[in-house]
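Below: the structure, in structure tokens.
The values are calculated or read from the model by the stated rules, or taken from the named source; none is laboratory data. In this text, all values refer to a predicted model and were calculated from it rather than measured experimentally. Glycine also receives a Cβ, built like all others from the backbone with ideal geometry; neighbour counts cover every protein chain displayed. What goes into the accessible areas is simple: the full protein's heavy atoms, side chains included, and nothing from ligands, DNA or RNA. Shrake-Rupley method; radii C 1.70, N 1.55, O 1.52, S 1.80 Å.
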Amino acid sequence: MAQVPQAFNYQAVATDSEGNVLVNQSIGVQINILGNNSDGFSVYSETHSATTNELGLFTVEVGFGNATDGVFQEIDWEETLYFLEIEIDENGGTNYEPLGVSQLLSVPYALHAAS
């Protein structure tokens, strides 16, 4: 039986509050997985420290961060619609500002296939 990674990749370009790209900068990232809709209930949250590249791009592995609420492996992916909310602190701390929310439509591996 194949092993299903209990995480997925996320990439974005980090900008400050004025829309300027954060180049080669350490940032704090908070990931929230919301249920039902973009204003839905939080089922999981985690934090990351990341560094942007020369284009402002950063990458994190959702599921492998520092969990602050919930357990990633216990998310019932068949239960409801889920949305990914991203927040960043441009100074590398924990004073997070919203970057955006988008619906999770599919992932390369079906996470519920492990069950």
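Full extension from residue 101 to residue 64: what is 0.36 nm times the residue separation minus their Cα-Cα distance, to one decimal in nm?
Numbers: separation 37, 0.36 × 37 = 13.32 nm, distance 1.95 nm.
Length gained, residue 101 through residue 64: 11.4 nm.
Percent of accessible area on the chain owned by carbon and sulfur, 1.4 Å probe?
Details: 3090 of 6780 Å².
Its accessible area is 46 percent carbon and sulfur atoms.
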Measure of size requested: the Rg and Dmax of region 4-115, with Cα atoms as the atom set and Å as the unit; please supply both. 14.0, 44
Net charge of Cβ neighbours under 15 Å - reference residue 101; Lys, Arg +1; Asp, Glu -1: -4
Once ligands and nucleic acids are excluded and a 1.4 Å probe is used, how much of residue 57 is accessible, expressed in Å² to the nearest 10? 50
Taking the Cα centre as origin and putting +1 on Lys and Arg beta-carbons and -1 on Asp and Glu beta-carbons, what dipole magnitude results for region 1-109, to the nearest 20 debye? 260
Compute the accessible area per residue over the chain, keeping the other protein chains in place, probe 1.4 Å, unit Å². 59
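Based on the Cβ-Cβ distance from residue 6 to residue 79, what FRET efficiency comes out when R0 is 22 Å, to the nearest 0.05? Could you put the intermediate results ahead of the total?
Numbers: r = 17 Å, r/R0 = 0.76.
With R0 = 22 Å, the Cβ-Cβ based efficiency is 0.85.
Starting from the residue with the highest accessible area, list 42, 17 in decreasing order, probe 1.4 Å.
On the way: 42 55, 17 115 Å².
Solvent-accessible surface, decreasing: 17, 42.
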